[in-house]
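The values are calculated or read from the model by the stated rules, or taken from the named source; none is laboratory data. Just so it is clear, the model here is predicted, and its values are computed rather than measured. Cβ placement follows ideal geometry from the backbone for every residue including glycine, while neighbour counts extend to all protein chains displayed.
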Amino acid sequence: MPFADEKRRSASLRWYYNHRDEVQKKNKIKRQDSAHKEKEREQRKRYLENPDNKARAYLDRLKYKAKNRESINKKRTLYRQRVRKEVLDYYGGKCACCGETEIKFLCLDHINGGGSKDHKKTEHGQGWYFYLRRYKPEYVQVLCHNCNMAKGFYGGCPHVAKSKTSI
Ligand SMILES: [Zn+2]
Ligand SMILES: [Zn+2]
């Protein structure tokens, strides 16, 4: 929404905070309407075509982030944990070598030890989980950190020699 000046803008914000509950209820109903969604997207796009508005939106975003850093981080952490669990569950939810199921011990392993280009690019960090959730490639398995480390350091897990399975 464009505002002529800061005074009107803060008055509008004040009104919003006083009527927040009913506005949010109405917006929730509106948000489920796809035509309304499309209209809003268009409006927002037009609003941001003005460089002043764009700069203001950017500053607002920064302010919002600074003010809500803690809750944003918390949400992000929970979301990441959910994605991680979802991906680990998809790939069996337990260590393919020793059967460990404690999620804190589990990680994902490239079955043939790498070599795929897309894996190399995304291998490190959270990004890989998002990638796997999206594309679900078959060259991945769940291992616990012990079995994974042993595989990395010694070329195989001691469990394998005992049980004659392979990872
Ligand atoms: Zn294991
Ligand atoms: Zn093992």
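So which pairs qualify, if the first residue must be in segment 140-158 and touching a residue at least 40 places away in the same chain (Cβ under 8 Å) and near ligand 1 (Cβ under 8 Å from one of its atoms), the second must be of a type in the set (D, E, K, R) and part of a helix (DSSP H, G or I), the Cβ gap must be under 6 Å, and the two must be at least 6 apart or on different chains?
As it stands, the answer is Cys157/Lys151, since those pairs meet every condition given.
Restricting attention to segment 127-146, and to residues there that are in contact with a strand residue (DSSP E or B) (Cβ under 8 Å, 6 or more places away or on another chain) and within 16 Å of ligand 2 (Cβ to nearest atom), which single residue is nearest to Glu100 (Cα to Cα)?
Among those residues, the one meeting the criterion is Cys144.
From the list Asn27, Asn112, exactly one residue is at pLDDT below 90, loosely packed, with under 10 Cβ neighbours inside 10 Å and more than 16 Å from ligand 1 (Cβ to nearest atom). Which is it?
After applying the criteria, what remains is Asn112.
Could you say whether any residue in segment 12-32 is without any contact (Cβ under 8 Å) to a residue 40 or more places away in the chain, assigned to a helix (DSSP H, G or I) and touching an Asp or Glu at 6+ places or on another chain (Cβ under 9 Å)?
yes
Which ones in segment 66-109 are within 16 Å of ligand 1 (Cβ to nearest atom) and assigned to a helix (DSSP H, G or I)?
Residues satisfying the conditions are Leu88, Ile103, Lys104, Phe105.
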